[in-house]
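Chemist: Below is the structure I would like to discuss, written out as structure tokens.
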Amino acid sequence: MTAMTSVRESAPRLAVASLPLLTLFATAVLAQDAAPAAAAAAAAVAPTVDKGDVAWMLVSTLLVTLMAVPGLALFYGGLVRAKNMLSVLMQVLVVFSLILVLWAAYGYSLAFVGGNAVIGSLDKLFLAGVTKESLADTFTATVKLPEYVFIAFQATFAAITCALIVGSLAERVKFSAVLLFSVLWFTFCYLPIAHMVWGAGGYLLGKGALDFAGGTVVHINAGVAGLVGAYFLGKRTGLGKEKMAPHNLPLTMTGASLLWVGWFGFNAGSNLEATSGAALAFINTLMATAAAVLSWSALEALLRRKASMLGGASGAVAGLVAITPACGTVGVMGAIVIGLVAGVVCFWGVTGLKRLLGADDTLDVFGVHGVGGISGALLTGVFTAPALGGTGAADFSIAHQLGVQALGVGITVVWSAVVATLAYLVVKAVFGLRVSVDEEREGLDVAAHGESAYEL
Amino acid sequence: MKFIIAIIRPFKLDEVRDALAQAGVTGLTVTEVKGYGRQKGHTELYRGAEYVVDFVPKIKLEAAVPDERVDVIVDAISEAARTDKVGDGKIFVLDLVQATRIRTGETGDDAL
């Protein structure tokens, strides 16, 4: 057994240090001090910006955008009834857009700029002081990214996380309620959790929690908020009596496929540099997802005699969710095992567990993102071990790391549940959460948006 | 005049149409419909949700025919649409009170 005290130095996303001043200072030293020793010292720390990294991170940011619009929107849209198609597309589109703007206004500063163990500061409110020349850290001390790239990349993470929650509320929630909830939950839940996991001095970062691309910050976080919302909203009118089957599974397949493609930006992009670390995250994203498609489909074939397309697509998303925290630190065989497990556990999440919970989580955000996220976060603590093909240090302790991972999961679940509860209470008092039964029967497309998806 | 309504299996439509043409039927209206009789529907499973779909897709075929042709035409439909399994469908014959060809104003058998 390895020592309990030794934790591998995790490779978390580093927070941005405001380095332009340092760069200027170094340049000044170079210019003014001719002493060779001083010049060499300055040159050794001079940060470089690699064009390959910049290109990769711009593409990654695009890919995460592709995940949300149209990927997530179509994935969700195909799963609802035809009369609610546009409402779901619109909720995803507008929540994504809203959070992007809030990210620039105050989100980035509160998540990634200075602050304490729980929350960042307001030093870069409205991106104050950020210029074309300002730089953000990567995992390599001497390699930097333009800060704008890092801000944009992280903006898409925050925005898609809030858009994910829409799936739990679909088919009965008021549009205004979705928007107000998103603002509140983003501000009081996403930002502190993101800061604790990824920000400089963040509490969970300090504990050594491994969350490479956001299993806790994005998926557990959104899954719990969605589940709480499903309890608050109550069940859809007619649930269990009327047929509420997906209206267009080919669109769901299209969305799931776009999610898979986009997820390479999410996971491999989280490496922040176009290096072998990105390659590891990339191949793990490929393999874990494929494994989860196979395990979910095989399980359906065994238990129900038929493997469904929706099952295959759900398996893909489950695998993607589960490999998210692990993709940068586990080996490829570990990734495949994580994928296989995710397909099985998330199948239970949308069937047995869903019945136990009794909430009408419309599109199974908790069953897939919550359950898959928790499984992935815990398994990261197992398969990062070098003995299991991971990149952990020689003295990596699975038992210790599992404890740290569980702490991260626990804090996220409780924090998200508490903030979501308060936020839903506020929204309920301000706008009300649900549309009227008549509007629900008519469908949210016409009732909330004044248009229909299909003219037949 | 009689009005024939037949419910048949969708994949049998082409055979029935050919048989009716041979039996001298000059016009036909076809609708895609759903319904249930003795044939069972199926179960659909979407993740945790299970739905029993009772209504089976069928073709409804309608034709107006002269009285003396009814038996031949009903036989023709029966022959062409039969598979000997539950779900082959049904044929209904109704009395038809009046028929008018809109273009010429002809009525009765002349309009068929």
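Chemist: What residues qualify as long-range amide H neighbours of residue A:434, i.e. H under 5 Å apart, gap of 5 or more or another chain, H built at 1.01 Å from N?
Modeler: For residue A:434, whose amide H was placed from the backbone, the distant partners under 5 Å are A:174.
Chemist: Moving on to the next point. Can you list the residues, at least 5 places off or on another chain, whose amide H is less than 5 Å from the amide H of residue B:46, using H built in the peptide plane?
Modeler: Amide H neighbours of residue B:46, under 5 Å, 5+ apart: B:51.
Chemist: Now for a separate question. Fewest Cβ neighbours within 10 Å first, please rank B:51, A:454 accordingly. Intermediate values should be presented prior to the final figure.
Modeler: Details: B:51 15, A:454 11.
Least crowded to most crowded, the residues run A:454, B:51.
Chemist: Which helices pass in chain A if a helix is a full DSSP H run, must span at least 24 angstrom along its long axis by Cα, and must have mean Kyte-Doolittle hydropathy not below -1.0?
Modeler: A:85-102, A:147-169, A:249-269, A:276-304, A:332-350, A:398-430
Chemist: Using the 10 angstrom Cβ neighbour count as an exposure proxy, how do A:254, A:156 rank, fewest first?
Modeler: So the ranking, lowest neighbour count to highest, is A:254, A:156.
Chemist: Follow-up question, since we're still on this one. Given a cut-off of under 8 Å on Cα pairs at least six residues apart, what relative contact order in percent is computed for segment B:2-111?
Modeler: About 41 percent, as a whole number.
Chemist: Now for a separate question. For segment A:204-280, which trypsin sites (Lys or Arg not before Pro) are in a loop by DSSP, counting at most 15 other Cβ atoms within 10 Å?
Modeler: Those that pass, being in a loop and sparsely packed, are A:235, A:241, A:243.
Chemist: Further question on the same structure: Looking at chain A, identify the longest residue range that excludes and avoids all GluC sites (Glu not before Pro) in DSSP loops having at most 15 other Cβ atoms within 10 Å.
Modeler: With a cap of 15 other Cβ atoms within 10 Å, the longest stretch comes to A:134-450.
Chemist: Going down the table (A:83/A:235; A:306/A:354; A:83/B:85), which pairs top 27 Å between alpha carbons?
Modeler: As for pairs spanning more than 27 Å Cα to Cα, those are A:83/B:85.
Chemist: OK, next. What does the C-alpha gyration tensor say about the overall shape of chain A? Classify as rounded when a/c is under 1.5, otherwise prolate if a/b is larger than b/c, or oblate. Present the calculation step by step, with values, prior to reporting the outcome.
Modeler: Details: a/c = 2.00, a/b = 1.49, b/c = 1.34.
Verdict is prolate for chain A.
Chemist: If you take the beta carbon distance between residue A:406 and residue B:15 as r and set R0 to 60 Å, what does 1/(1 + (r/R0)^6) give as a FRET efficiency, to the nearest 0.05?
Modeler: On the way: r = 66 Å, r/R0 = 1.10.
So the FRET efficiency works out to roughly 0.35.
Values quoted throughout were computed directly from the atomic coordinates according to the rules given, and no laboratory measurement underlies them. Remember, it's a predicted structure, so these values are computed and weren't measured experimentally. Cβ: placed from backbone, ideal geometry, glycine included. Neighbour counts: every protein chain shown.
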